[in-house]
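J.: Shown below is the structure under consideration.
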Amino acid sequence: MAGSGLLKQSLPGSALVVAIDPGKVSHRVWFSTGDVGLVEEPRSVPSLRPGLDEVTATIRRLAGTQAPVVAIEATGALHGSWVRALEERFALSVRVFAPSETAAARAQLGSRRFKSDDRDCAALTYLARQGQGRPVVADPVEAVRGAVRYRRGLVAERKIAQQRLHDQLNVLCPGLSAPAGHARVLELEDSSGQAVLACAAAFAGRAPTVRSLQARAPGRLFDSNARYWVQRWKTCLPPPADAQVRAERLGRSLCRWQAIRADTAAVEVTIEALLAATAGQVLTTLPGVAVIRAASFAAFSLPVERFPTAEHLYSATGLAPARYQSATINRNGRISRTGLAEHRDALMGIAWGLSRYCDPFIDRDRELRARGMAPIQARVALARHACRLTYRMLKTQQPFDEQRYRQGRHPSER
C-alpha cells in the first residue's frame, strides 16, 4: 500500500523513480532519486523478458525496502505487457501517463519542440515526483474493446476487397457490374453476386449457362434471377486477351473476401458473448441498436463512472462543439473531434439507429430538418440526446422504456 499512498503527493527525495519510455524493440529507462539525481546511467533495454528481468533486478537493488515509483508512458499496445508485469512485481507502484501529459511536461522543461527518448524520460520523472499519474486498474471491457477494434479493421478490409472485386469483374466482363442507378446492382453478398464471381473466375469472363450459375450459388438462386444475369452477361463486350490470368487473380481475391466475411462473422459471435458479461448489454434494448452498435459504444464508455455527467461523456466523444472564450467573447465552433474516432463513430451509429426505429428520435429528427439542418447536422444533434439516454441507462442498468423516456424529457426537447 506504500505506493498508492504517494499518488497526488510530492515524493520524498529518497524515493526511487523509474521512468520508462516504451518502444517497439527497446525501452528507454531512467533510474533517479530527488536527492542524488540519476543513480545510474540511462539505458535501453529489450522489450522482451530479458529486458524486464534486468529492470526488475535493478529496481530491487536500488530501492531496497522502500517502495519505488515506476512511471511509464501509455503508448498503445507497447506498454500494456510491461505495465501488467511490473504491477505484479511491484504492487501499487506503477503510474501511467498519457502522451499528452508527457508533451506538456516537456514544454514546462523547455524542450517541447525537441523530442527524444531521454527527454520523455525526464518529463516522466518530473511528473512522477509531483505525485501525478494514474494507478493501474483492471479494465472490465478490454476484451470487448479488442474485439470491436478487430472487427472495425475487418470491415475496412472487406470494403476495399469488395471494391477490388467490382473492378476486376468489370475488366473481365465490361458492364456486368453496373453502378446504382444504371441497371440492377450486383450485390456481392447475395447468392447471385457470389455465383457471378465464381463463374467469372471459372470461365475466364465468358458467359455461363443458367445451370452453371445456379450450381455455384452458395444459396438459393431463382431461375428468373439466373436467366437475367446470363442474358445480361451475353450482351457484354468480350473479355480482354489476358482474361485467363485475370480470372485467376479474381479467384484469389474472391477467396480472400470470403475469408474476411467468415472472420467477421466469427468475431461478431465473440462480441455478443463478451458484451453479455458487461454493463453495456442494456444498450441492446434500444430500438435500432443491436449487439455491434451497443458493443462499439460500451467498449469506449465503460466504466461509465469515469464520466461525472452525460455532458462529460459527450465531450469525450469529440462531438461537442469547440468553444472559444476571451473576456466578453463566447463563441462555439465546429465539433472538437477530441477523443477517439471509434468512440465518436459508435455514438453516431446509435443516433442513426434511433432516428430510424425510435419514434421520439424520429420526431426530433424531423423537427431538426424542418429548421433547415443538413442530415449530418441533425444526426450530431440527435447524438447528444442519445448520449444522455445511454449514459442514464448505463448508470441505472434499466432497459429502455419509450413511455418513460417521453415523460422524462426536458420540455425544451419536446
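J.: Given H placed on each backbone N at 1.01 Å, which residues far from residue 16 in sequence or on other chains put an amide H within less than 5 Å of it?
T.: 69
J.: Treating the beta-carbon of each Lys and Arg as +1 and of each Asp and Glu as -1, no other charges, what is the dipole magnitude of the stretch 75-194 about its Cα centre, to the nearest 20 debye? Provide the component values of the computation, followed by the final result.
T.: On the way: 18 positive and 13 negative charges, 101 e Å.
That gives a dipole near 480 debye.
J.: Say the dipole of the chain comes from +1 at the beta carbon of Lys and Arg and -1 at that of Asp and Glu; which of 318, 126, 107 then lies farthest toward its positive end?
T.: Sorting the options by dipole projection puts first 318.
J.: Of the options 260, 148, 230, report the single residue whose Cα projects farthest towards the positive end of the charge dipole of the stretch 145-269 (beta-carbon charges: Lys, Arg +1; Asp, Glu -1).
T.: Checked the options; the winner is 148.
J.: Output the peptides 185-191, 305-311 sorted from most to least packed, where packing is the average of other Cβ atoms within 10 Å over each peptide's residues.
T.: Working: 185-191: 15.6, 305-311: 12.4.
Output ranking for 185-191, 305-311: 185-191, 305-311.
J.: Shifting gears a bit: Based on alpha-carbon centroids, what's the gap between the stretch 215-238 and the stretch 26-67 in Å, whole number please?
T.: Spelled out, the Cα-based centre of one part sits 69 Å from the other.
J.: With +1 on each Lys and Arg Cβ and -1 on each Asp and Glu Cβ, how big is the dipole of the stretch 4-135 about its Cα centre, in debye rounded to the nearest 20? Please report the intermediate quantities before stating the final value.
T.: Details: 17 positive and 13 negative charges, 58 e Å.
Computed charge dipole of the stretch 4-135: roughly 280 debye.
J.: Regarding the stretch 102-194, what are the three Cα extents along the principal axes, ordered largest first, in Å?
T.: Here the spans come out as 67, 35, 22 Å, largest first.
J.: Once you charge only the Cβ atoms, +1 for Lys and Arg and -1 for Asp and Glu, what is the size of the charge dipole of the chain about its Cα centre, to the nearest 20 debye? Don't skip to the end; give the middle numbers.
T.: Numbers: 58 positive and 37 negative charges, 257 e Å.
Roughly 1240 debye, rounded to the nearest 20.
J.: Work out the count of Lys pairs in the chain where the Cα-Cα distance is under 29 Å, with the pair 8 or more places apart or on different chains. Don't skip to the answer; put the middle values down first.
T.: On the way: 8/115; 8/395; 24/115; 159/234.
The number of close lysine pairs in the chain is 4.
J.: With everything on Cα atoms, drop me the angle between helix 243-276 and the longest principal axis of the chain, reported from 0 to 90° to the nearest 10.
T.: Around 50 degrees separate the two axes.
J.: Something else now. When N is the residue count of the chain, what does its C-alpha Rg come to as a fraction of 2.2 N^0.38 Å? Please report the intermediate quantities before stating the final value.
T.: On the way: Rg = 28.4 Å, N = 414, 2.2 N^0.38 = 21.7 Å.
With N residues counted in the chain, Rg over 2.2 N^0.38 Å equals 1.31.
J.: If you don't mind, another one. Using alpha carbon coordinates only, what is the Rg to Rh ratio of the stretch 279-413, with Rh defined as the Kirkwood radius? Could the numbers behind the result be given before it?
T.: Numbers: Rg = 14.8 Å, Rh = 15.3 Å.
Ratio value, two decimals: 0.97.
J.: Turning to a different aspect of this structure: Looking at the stretch 1-142, send over the antiparallel percent of its DSSP beta bridges, to the nearest 5. Provide the component values of the computation, followed by the final result.
T.: Values: 14 of 22 bridges.
Around 65 percent antiparallel, to the nearest 5.
J.: Based on alpha-carbon positions alone, could you give the equivalent ellipsoid semi-axes of the stretch 145-272 from the gyration tensor, as √(5λ), descending, whole Å? Please list the in-between numbers first.
T.: Details: eigenvalues 155, 52, 34 Å².
So the equivalent ellipsoid measures 28, 16, 13 Å along its semi-axes.
J.: Do you know the relative contact order of the stretch 279-413, to the nearest whole percent, from alpha carbon pairs under 8 angstrom that are 6+ apart? Could you put the intermediate results ahead of the total?
T.: Working: 155 pairs, mean separation 40.8, N = 135.
Over the stretch 279-413, the number comes to 30 percent.
J.: Restricting to Cα pairs below 8 Å that are 6+ residues apart, what does the relative contact order work out to for the chain? Please round to a whole percent.
T.: Numbers: 569 pairs, mean separation 46.7, N = 414.
After rounding, I find 11 percent.
J.: Summing -39500 (n - 2.57) over the DSSP H runs of n ≥ 4 in the chain and dividing by its residue number, what mean residue ellipticity at 222 nm do you reach, to the nearest 500 deg cm²/dmol?
T.: Values: 15 runs with 220 residues, N = 414.
About -17500 deg cm²/dmol.
J.: Cα atoms only: what Rg and Dmax, in Å, come out for the stretch 4-135?
T.: Rg, Dmax (Cα atoms, Å): 13.3, 39.
J.: Of 200, 176, 214, which is farthest towards the positive pole of the stretch 109-216's charge dipole, taken about the Cα centre with +1 and -1 on the beta-carbons of Lys, Arg and Asp, Glu respectively?
T.: Positive-most Cα among the choices belongs to 176.
Read-outs: derived from the displayed coordinates by stated rules, not from any lab. Everything numeric in this text was worked out from a predicted model, so none of it was measured. As a convention, Cβ positions derive from the backbone with ideal geometry for all residues, glycine included, and neighbour counts pool all protein chains shown.
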